[in-house]
1. Does segment 25-68 hold any residues that are over 14 Å from Ile114 (Cα atoms), in contact with a Lys or Arg (Cβ under 7 Å, 6 or more places away or on another chain) and crowded, with 20+ Cβ neighbours inside 10 Å, and which are they?
2. Please go through segment 3-14 and pick out each residue that is surrounded by 14 or more Cβ atoms within 10 Å (Cβ to Cβ) and not β-branched (Val, Ile, Thr).
3. Every residue in segment 118-129 that is among the hydrophobic types (A, V, I, L, M, F, W, C) and surrounded by 12 or more Cβ atoms within 10 Å (Cβ to Cβ), please.
4. Can you find, within segment 98-117, the residue that is nearest to Thr27 (Cα to Cα) among those that are in contact with an Asp or Glu (Cβ under 7 Å, 6 or more places away or on another chain) and open to solvent by less than 40 Å² (accessible area, probe 1.4 Å)?
5. Does Ala35 count as touching a residue at least 12 places away in the same chain (Cβ under 8 Å), hydrophobic (A, V, I, L, M, F, W, C) and not in a helix (DSSP H, G or I)?
Amino acid sequence: MLETGIKGTKTVIVNESNTAKTMGSGTLEVFATPALIALMEETCWRSVAGELEEGCGTVGTLLEIRHTAPTPVGMEVTCESTLVEVDGRRLVFEVTASDAKGVVGEGKHERFIIQNEKFQAKANAKKDA
């Protein structure tokens, strides 16, 4: 049973593969907003994965963040998540990302608990229709 208060953390190093220039979200050699979003989502889903029933996972459904400061290549970005709401299958997390100089992004992320095989079959059926 999932309960509020579950925390997660994940750190990445800003490198050429996750810059705005490489990811197409801008022209600068700084941590890209799409990379920040991916880091936040991964931190959240990993934090609860071990608490789910066999065959279940989560999918992201809503992300409301602010990317407030740039992080250059070579620096680390650490994301911390806290599960703040459990409403049936709906999970809400607060997320904060920081580098050595302070917060670079923050917000809320919503995920839903799904049955992996059923969800994948539903997605695959789209191309067969």
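The values are calculated or read from the model by the stated rules, or taken from the named source; none is laboratory data. Keep in mind that this is a model prediction, so the values were computed, not measured. FYI the Cβ positions are ideal-geometry reconstructions off the backbone, even for glycines, and counts take in every protein chain you see. Heavy atoms of the whole protein, side chains included, go into the accessibility calculation; ligands, DNA and RNA do not. Shrake-Rupley method; radii C 1.70, N 1.55, O 1.52, S 1.80 Å.
1. Leu39, Thr43, Cys44, Ser47
2. Gly8, Lys10
3. Residue satisfying the conditions is Phe119 alone.
4. Here the answer is Asp99.
5. Answer is no for this residue.
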